[in-house]
C-alpha cells in the first residue's frame, strides 16, 4: 500500500476520539509527517521540545519504510497511538510514556471501534537486533532486555503492586551491559 495523507486521518481521529482537543481553530497543535528512509525500527514517534523546528513545538512522525508495505490499519493504529501521546502531553499536560493515562485512553479507543487495534508495542515486521542492556528491578529482581538506556524507567509490576500504579523511585531499573549468555 502506498503512503496515505496523514492530515485527513488526524482530523477524523481528533474529532472521533479526542473531542477536537488536538486542534486550535481547526489547525493541528502538532506537525504531522512521514519519515525519511532512516526510521526503520519503530513505526512512529511523538516529540515535543527544542528538537522540532517550524511553527509547531511538537510533531508526530510515522515511518515510511516500515508502514509503506503494511495494511492501512497499521498506519491508522500507529497514528492514533502517537496522537494519544500528544493528547497526554498537550491536553493533560502530563509527562508519561505508556502509563495509566495512555493505557486508559488506548483501551477506551479500542473498545469504541473495531477498525484497528492500538497497542503499546507494535508487532510489525522489523529486523531484530540484540538488546544492549539488561535492566534489573532492585525490588522484585525481574530482568528486562533493553536496546537503549531509558532514563527514569521503573518496574511496572512493582509500581502497580506497591505504589497503586504510580511511578516510584524505589522501582527504578538498574542497567548493566547485556550478554548473550544471560538470555
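The values are calculated or read from the model by the stated rules, or taken from the named source; none is laboratory data. The structure presented is a predicted model; accordingly, all values stated were derived computationally and were not measured. Note that each Cβ is placed from the backbone with ideal geometry, even for glycine, and that neighbours are counted across all protein chains shown.
Worth a mention:
- Leading residue by the ranking (surrounded by the most Cβ atoms within 10 Å (Cβ to Cβ)) among those in segment 70-87 that are out of contact with any strand residue (DSSP E or B) (no Cβ under 9 Å at 6 or more places or on another chain) and in a helix (DSSP H, G or I): 80
- The requirement of being over 14 Å from the mean Cα position of the chain (by Cα), more than 21 Å from residue 151 (Cβ to Cβ) and in a loop (DSSP other than H, G, I, E, B) is fulfilled nowhere in segment 93-111; no residue meets it.
- Residue satisfying condition, being surrounded by 15 or more Cβ atoms within 10 Å (Cβ to Cβ) and not assigned by TED's automatic domain parsing to the domain that holds residue 164, within set 37, 31: 31
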